[in-house]
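Below: the structure, in structure tokens.
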Amino acid sequence: QFGLVPRETDDLLFRFFARASGAIRLADFADASALVTYAREGVLPRDARSSVDVAPSERDSATAALEARFHGRVGDARMELRPSGRVELADARLSDLRTGDTDHASAALPGARVGAVIEPVRGLAIAGSLSYLGRLPTVLELFGDRGLFVGNASLRPEQALGGDLGLSLEGAGHGLSGSAELRGFVLGTGDLVVYRRVESGQIVPENVG
């Protein structure tokens, strides 16, 4: 900032985060784990020189996730399966730092993933996964920073469908040990958030296909 002291323009960014997780053994071949998070984020703008009265912008978000793990052997082969699911909820009250206009946005973002590995012989493993996941816009992308970065309250969450497949090999002998891994993945993203520079030199986040 140029020419303005902090007591006249001193925006405050805050974030509170809480996380709880737990796991339980269901059987000799099955385990389960759960995760719950909560976050409260916001911007408290203070600008004594501004002619616009801007209210605080805040967002509450919560995530709940559950994963199961099934594992065992069939003969000499070791196998493991990990399905999981997640849902993320967000509710935001947004104020435009330039005009003072307020907006309300909410989102529900589901996600799921299943991963599996099979080890037909000791030291050789084949692993893969499929997933459908998403990402909520950040506070900066939504609110902006009253400077170079212009917020966009209409941003939609990113969504991605992906998968991977890999082969790993480990071994030891004659005093030597080593490992090798080959893995490939594919990822397709919808509503990707990209940054565009406008004529004023500022940066605006936007969704693309």
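Strands (runs of 3 or more DSSP E) wholly in the range 162-209 with at least 2 residues that are under 23 Å from Gly144 (Cα atoms) - which ones?
Correct list: 192-197, 203-208.
Give the residues of the range 118-131 that are part of a strand (DSSP E or B) and open to solvent by less than 30 Å² (accessible area, probe 1.4 Å), sorted by residue number.
Result: Ala125, Ala127, Gly128, Ser129, Ser131.
How many residues does the range 74-114 contain that are of a type in the set (D, E, K, R) and at pLDDT below 90?
6
Output the residues belonging to the range 91-101 that are open to solvent by 40 Å² or more (accessible area, probe 1.4 Å), touching a residue at least 24 places away in the same chain (Cβ under 8 Å) and either in contact with a Leu (Cβ under 9 Å, 6 or more places away or on another chain) or not in a strand (DSSP E or B) (or both).
Asp96, Arg98, Thr99
Looking at the range 67-90, can you tell me whether even one residue there is outside any strand (DSSP E or B), among the aliphatic types (A, V, I, L, M), more than 28 Å from Ile118 (Cα to Cα) and open to solvent by 50 Å² or more (accessible area, probe 1.4 Å)?
Step one: list which residues in the range 67-90 are outside any strand (DSSP E or B), which gives 75-76.
Retained after the next criterion (residues that are among the aliphatic types (A, V, I, L, M)): none.
Looking through the range 67-90, none of the residues is outside any strand (DSSP E or B), among the aliphatic types (A, V, I, L, M), more than 28 Å from Ile118 (Cα to Cα) and open to solvent by 50 Å² or more (accessible area, probe 1.4 Å).
With respect to the numbered conditions (1) of a type in the set (S, T, N, Q); (2) surrounded by fewer than 18 Cβ atoms within 10 Å (Cβ to Cβ); (3) in a strand (DSSP E or B), which one is the sole condition not fulfilled by Ser61?
Answer for Ser61: the failing condition is (2).
If Leu155 satisfies all but one of (1) in a loop (DSSP other than H, G, I, E, B); (2) in contact with a Ser or Thr (Cβ under 7 Å, 6 or more places away or on another chain); (3) not polar (S, T, N, Q), what's the number of the condition it fails?
Among (1) in a loop (DSSP other than H, G, I, E, B); (2) in contact with a Ser or Thr (Cβ under 7 Å, 6 or more places away or on another chain); (3) not polar (S, T, N, Q), the lone unmet condition for Leu155 is (2).
If you check Gly166, Gly134, which single one turns out to be farther than 21 Å from Thr63 by Cα and either buried (at least 17 other Cβ atoms within 10 Å of the Cβ) or at pLDDT 95 or above (or both)?
Every option except Gly166 fails the conditions.
The values are calculated or read from the model by the stated rules, or taken from the named source; none is laboratory data. These numbers come from a predicted model, not from an experiment. Neighbour counts run over all protein chains shown; Cβ positions are idealised from the backbone, glycine included. For accessibility, only protein heavy atoms count, side chains too; no ligands or nucleic acids. Shrake-Rupley method; radii C 1.70, N 1.55, O 1.52, S 1.80 Å.
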